[in-house]
1. Which members of segment 173-218 meet the condition of being among the charged types (D, E, K, R) and touching a helix residue (DSSP H, G or I) at 6+ places or on another chain (Cβ under 6 Å)?
2. When you scan segment 270-283, do you find a residue that is part of a helix (DSSP H, G or I) and either within 16 Å of the ligand (Cβ to nearest atom) or within 30 Å of R92 (Cα to Cα) (or both), even just one?
3. Does segment 135-148 contain any residue that is within 11 Å of the chain's Cα centre (by Cα), within 22 Å of L231 (Cα to Cα) and surrounded by fewer than 22 Cβ atoms within 10 Å (Cβ to Cβ)?
4. Being more than 27 Å from K285 (Cα to Cα), more than 16 Å from the ligand (Cβ to nearest atom) and modelled with pLDDT of 95 or more narrows it down to one of G208, G217, G166, so name that one.
5. Show the residue pairs that are 6+ apart or on different chains and have beta-carbon atoms under 9 Å apart, the first residue being within segment 85-96 and crowded, with 19+ Cβ neighbours inside 10 Å, the second being of a type in the set (D, E, K, R) and in a helix (DSSP H, G or I).
6. Give segment 176-205 a look and list any residue that's within 16 Å of the ligand (Cβ to nearest atom) and not hydrophobic (A, V, I, L, M, F, W, C), or say none.
7. Restricting attention to segment 229-241, does a residue exist that is touching a residue at least 24 places away in the same chain (Cβ under 8 Å) and at positive phi?
8. Name the residues in segment 229-251 that are under 19 Å from the mean Cα position of the chain (by Cα) and either away from the ligand (no atom under 16 Å from the Cβ) or acidic (D, E) (or both), would you?
Amino acid sequence: MNRRDFLTTATAASATFALAGCNDSNRQAIDYSKHPEKKSEDEVNGEAREGTLGYKKRVNINRNKKTVIKLATSWPAHFPIMGTGVEKFAQRVKDVSGGSLEIKLYPKNTLIPALAVFDAASSGQIDAFHSGPYYWKGKNSAFSLYSGLPFGFTAEEINSWVLFGGGLELWREQYAKYNLHPFMGGNTNIQMGGWFAKPINSLDDMKGLKMRIPGLGGEVLAKLGVNPVLLPAGEIYTSLERGVIDATEWVGPALDIKMGFYKVAPYYYSGWHEPGSILELTFNKYSWNKLAFEHQSIIEVASSEMNANMTYEFHAENIKAFKKLKELNINIYQFPKDVIEAGKKALKDVTTELSQKNSDFKKVYDSIENHLELSKEWSNASLRYFLNER
Ligand code: CA
């Protein structure tokens with residue numbers, strides 16, 4: 001394995017999107033600040049129009065009244081990077097708003113079960129949540145695509161699709177049906193292919209394996225004869241140790257090393273299934289619309305910062321953990337060519353089937369494919385060349 005290639009690939013994510021908060025709401029914010037007198041069509045009509053492209057009434061902060069947002073997460077309190085990242089976001093919002101906006105955090109299971117946060121925000125039980133879009137693929141298979149696509153975008157590329165390639169508009173349009181309004185809220189950066197109890201020398205070695213792997217990656221592997229399973233985080237290690245499962249993917253070195261998988265499944269493979277998974281900060285639409293204009297702007301800016309910081313922190317922690325793994329004599333392997341080729345073919349089958357079944361999926365997939373084809377050509381000509389030469 002070329003360890004250097006793995007390391008350098010991860011740096012693809014750390015680029016310019018800290019500057020890239022220019023979604024439609026932000027553009028509106030900038031327009032209003034430059035033209036405070038200008039009234040939108042809806043203000044003239046005296047009603048706020050819902051929807052991402054619509055104008056809102058400008059409601060200023062009432063400084064005598066503190067606004068509190070109830071935000072539940074799918075992570076335990078202080079969970080590295082994802083949990084602590086949301087905590088920093090909440091503190092930032094409080095600081096920038098001069099204490100007039102407080103985000104009250106409810107970590108996993110303290111108010112809402114980890115995977116019930118979508119429904120809780122949709123129904124208005126809470127105002128917002130922090131989680132990952134692919135957890136909601138049972139509601140609409142299209143939602144898994146907002147996390148990313150196997151063999152798809154790097155973190156940098158998916159940010160460019162969401163912010164400047166039409167992704168955010170589609171995401172908001174589709175989440176609006178559930179009374180929700182999403183923002184990007186972080187990115188795990190490139191994930192690893194997982195930990196295996198035995199080496200994988202060919203496609204045959206994959207057949208019959210029981211592996212913990214969620215999302216579209218799991219559906220792809222199912223077509224290769226793998227039996228994908230989902231397990232709560234706390235059960236993965238013992239399941240591997242007892243041979244209940246043969247393999248697991250998790251995230252990347254930073255979080256994987258803390259789980260200790262290297263002790264029971266020491267064959268660590270490079271990734272293909274989650275090359276840059278987005279995390280989300282999603283609001284109940286009513287809760288979002290009733291926020292003061294300044295509070296909305298503060299959240300737009302602070303969520304953009306959170307999105308960038310989590311991506312960079314994953315990179316920074318991954319490189320340290322990767323060094324430790326090497327000191328523990330953990331080797332990094334690459335999947336054999338026949339596994340990768342079969343995986344790509346299976347992905348085509350999975351996405352074709354889902355596109356036929358669900359027009360929402362097709363719409364998002366087509367948009368991604370469009371952006372991805374162009375992105376690959378450019379990334380090959382620029383980044384791949386550079387990483388090979390560096
Ligand atoms: Ca994962």
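The values are calculated or read from the model by the stated rules, or taken from the named source; none is laboratory data. Everything numeric in this text was worked out from a predicted model, so none of it was measured. Backbone-built Cβ (ideal geometry, glycine too); neighbour counts: all protein chains shown.
1. Of the residues in segment 173-218, the ones among the charged types (D, E, K, R) are 173, 177, 198, 204-205, 207, 210, 212.
The one that is among the charged types (D, E, K, R) and touching a helix residue (DSSP H, G or I) at 6+ places or on another chain (Cβ under 6 Å): R212.
2. Taking segment 270-283 as the starting set, the residues that turn out to be part of a helix (DSSP H, G or I) are none.
No, segment 270-283 contains no residue that is part of a helix (DSSP H, G or I) and either within 16 Å of the ligand (Cβ to nearest atom) or within 30 Å of R92 (Cα to Cα) (or both).
3. yes
4. G208
5. Partner pairs satisfying both residue conditions: G85/E313; F89/E305; R92/E305.
6. First, the residues of segment 176-205 that are within 16 Å of the ligand (Cβ to nearest atom): 186-196.
Passing the criteria: G186, N187, T188, N189, Q191, G193, G194.
7. No - not one qualifying residue is present in segment 229-241.
8. E249 - this is the single residue of segment 229-251 that is under 19 Å from the mean Cα position of the chain (by Cα) and either away from the ligand (no atom under 16 Å from the Cβ) or acidic (D, E) (or both).
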